[in-house]
Amino acid sequence: MENNIRGGDAPIPCQLEANKNYAWCTCGHSENQPFCNGAHKTTGGTPPTIFTVEEAKEAYLCTCKLTSNPPYCDGSHK
Ligand code: FES
């Protein structure tokens with residue numbers, strides 16, 4: 001059984017670098033939202049989603065973990 005929680009109630013604006021691997025927390029337990037800090041291993045949460053962007057950009061990354069377009073906020077937290 002997955003043990004996921006909301007990691008926050010609003011997205012976090014992040015400055016993303018091109019072609020860098022990011023680990024977006026899917027379980028909500030990380031204290032380094034929106035990114036994984038390894039907490040899923042001890043909490044029984046789901047592992048992170050690894051993603052990259054092709055061009056540097058600012059993006060609003062989901063913390064509530066309810067988005068249908070991970071890792072990006074789609075407004076589902078409201
Ligand atoms: S701490 Fe949440 S996915 Fe790793």
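When the stretch 9-41 is filtered for residues that are within 16 Å of the ligand (Cβ to nearest atom), loosely packed, with under 15 Cβ neighbours inside 10 Å and within 22 Å of SER76 (Cα to Cα), the ones remaining, listed by number, are GLU31, ASN32. Checked against (1) touching a residue at least 40 places away in the same chain (Cβ under 8 Å); (2) in contact with a Leu (Cβ under 7 Å, 6 or more places away or on another chain); (3) away from the ligand (no atom under 13 Å from the Cβ); (4) not aromatic (Phe, Trp, Tyr), SER76 meets all criteria but (1). For GLU2, the conditions (1) crowded, with 16+ Cβ neighbours inside 10 Å; (2) within 13 Å of the ligand (Cβ to nearest atom); (3) in a loop (DSSP other than H, G, I, E, B); (4) touching a residue at least 24 places away in the same chain (Cβ under 8 Å) all hold with the exception of (1).
Tell me, please, whether a residue that is charged (D, E, K, R), within 14 Å of the chain's Cα centre (by Cα) and away from the ligand (no atom under 12 Å from the Cβ) can be found in the stretch 59-66.
Here is the first cut: in the stretch 59-66, the residues charged (D, E, K, R) are 65.
Still in the running and within 14 Å of the chain's Cα centre (by Cα): 65.
Still in the running and away from the ligand (no atom under 12 Å from the Cβ): none.
Scanning the stretch 59-66 turns up no residue that is charged (D, E, K, R), within 14 Å of the chain's Cα centre (by Cα) and away from the ligand (no atom under 12 Å from the Cβ).
Restricting attention to the stretch 42-78, and to residues there that are part of a loop (DSSP other than H, G, I, E, B) and of a type in the set (Lys, Arg), which single residue is surrounded by the most Cβ atoms within 10 Å (Cβ to Cβ)?
LYS65
Every read-out reported here was derived from the displayed coordinates using simple, explicitly stated rules and does not represent laboratory data. Being a predicted model, the structure only gives us computed values, none of them experimental. All Cβ positions, glycine included, derive from the backbone under ideal geometry; neighbour counts span all protein chains shown.
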